[in-house]
Amino acid sequence: MIHFDYTSAVFAVGLIVGLTLDCLLLRTLFFPPFRIWPTPAPGSWQSLTFWGLFRGGMVLTFVVAVLDWNATSLLDWTRFIIGLPLGLGGLFVTVYGYFNLGLGNTYCGSDGLVSHGLYRFSRNPQYTASIVGLIGLSIGANSILTIVLSCVMIGAYVLMSLVEEAWLKEHYGTSYREYCERTARFLDVQGLILAIGDRKKPSRQTG
């Protein structure tokens with residue numbers, strides 16, 4: 001007999017929500033002109049559907065992490081050495097990215113192409129940071145159920161980055177294509193390391 005408790009019920013709802021979002025994003029990617037993201041306009045059924053599924057999926061992933069905390073014997077307390085920095089670092093960069101990108105662009109506005117700050121090293125720094133944060137959450141929670149939901153939501157972030165590209169090319173044309181040529185979709189590790197190294201070099205003072 002299958003044991004079905006409150007945690008299992010929340011997990012099941014989260015899985016349905018996340019997979020529904022992934023399927024709609026896949027349809028957007030492979031069967032245009034249907035588009036669930038970027039949403040056509042605030043208040044449209046696409047906007048209400050996308051944000052409901054996306055926010056619901058993220059919230060339910062965190063709820064399951066709390067309810068199913070340390071439910072397996074995969075990892076011991078040392079998991080926090082990796083999980084905590086990834087989780088907090090991902091959260092910090094995601095929040096910082098909102099200020100870098102601007103509220104309008106974050107919610108599908110056309111406030112201008114942003115290629116400075118975090119966007120020098122990634123075309124999708126917020127998505128990249130959120131993926132890192134979900135990995136940290138999965139490690140910290142030590143929960144198979146959390147890992148499953150995190151993978152589903154990571155899939156949503158990857159698909160969002162892919163479906164955005166055609167929309168951004170339509171809005172920004174050549175400037176966005178040139179930006180794509182010089183900037184990694186998720187993370188330019190080499191460029192980031194070089195930038196950090198340059199910042200640590202002592203500045204030369206002229207006499």
Item to check | Residue among Leu60, Leu74 that is modelled with pLDDT of 90 or more, within 22 Å of Gly133 (Cβ to Cβ) and out of contact with any Lys or Arg (no Cβ under 9 Å at 6 or more places or on another chain) | outcome: Leu60
Checklist entry - On the given criteria, is Leu48 surrounded by fewer than 13 Cβ atoms within 10 Å (Cβ to Cβ) and part of a helix (DSSP H, G or I)? => result yes
Item to check | Flag if Asp188 is modelled with pLDDT of 75 or more, over 30 Å from Thr20 (Cα atoms) and of a type in the set (Asp, Glu) | outcome: yes
Item to check | Options Val158, Val148: the member that is at pLDDT 95 or above, among the β-branched types (Val, Ile, Thr) and either within 12 Å of Arg185 (Cβ to Cβ) or surrounded by 22 or more Cβ atoms within 10 Å (Cβ to Cβ) (or both) | outcome: Val158
Checklist entry - Quick check: anything in region 110-121 farther than 25 Å from Phe11 by Cα, surrounded by 21 or more Cβ atoms within 10 Å (Cβ to Cβ), at pLDDT 85 or above and among the charged types (D, E, K, R)? => result no
Next on the checklist: Looking at the structure I just gave you, is Thr61 surrounded by 12 or more Cβ atoms within 10 Å (Cβ to Cβ), more than 23 Å from Gly140 (Cα to Cα) and not acidic (Asp, Glu)?
Outcome noted: no
Next on the checklist: Looking at the structure I just gave you, is Ala41 free of Cβ contacts under 8 Å to residues at least 60 places away in the same chain, out of contact with any helix residue (DSSP H, G or I) (no Cβ under 6 Å at 6 or more places or on another chain) and surrounded by 11 or more Cβ atoms within 10 Å (Cβ to Cβ)?
Outcome noted: no
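Table: residues versus (1) over 16 Å from Ser161 (Cα atoms); (2) out of contact with any helix residue (DSSP H, G or I) (no Cβ under 9 Å at 6 or more places or on another chain); (3) free of Cβ contacts under 8 Å to residues at least 40 places away in the same chain.
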{"residue": "Gly14", "(1), (2), (3)": "yes, no, no"}
{"residue": "Leu25", "(1), (2), (3)": "no, no, no"}
{"residue": "Thr28", "(1), (2), (3)": "no, no, no"}
{"residue": "Pro32", "(1), (2), (3)": "no, no, no"}
{"residue": "Trp51", "(1), (2), (3)": "no, yes, yes"}
{"residue": "Phe54", "(1), (2), (3)": "no, no, no"}
Checklist entry - Looking at region 67-104, which of its residues are surrounded by fewer than 16 Cβ atoms within 10 Å (Cβ to Cβ), among the aliphatic types (A, V, I, L, M), part of a helix (DSSP H, G or I) and touching a residue at least 12 places away in the same chain (Cβ under 8 Å)? => result Ile82, Leu84, Leu88
Checklist entry - Is there any pair linking a residue in region 170-186 that is closer than 20 Å to Thr128 by Cβ and of a type in the set (A, V, I, L, M, F, W, C) to one that is at pLDDT 90 or above and assigned to a helix (DSSP H, G or I), with Cβ under 6 Å and at least six apart or on different chains, and which? => result Phe186/Thr128
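The values are calculated or read from the model by the stated rules, or taken from the named source; none is laboratory data. None of the values given here were measured: they were computed from a predicted structure. Quick reminder, even Gly has a Cβ in these numbers, built from the backbone with ideal geometry, and neighbours come from all protein chains shown.
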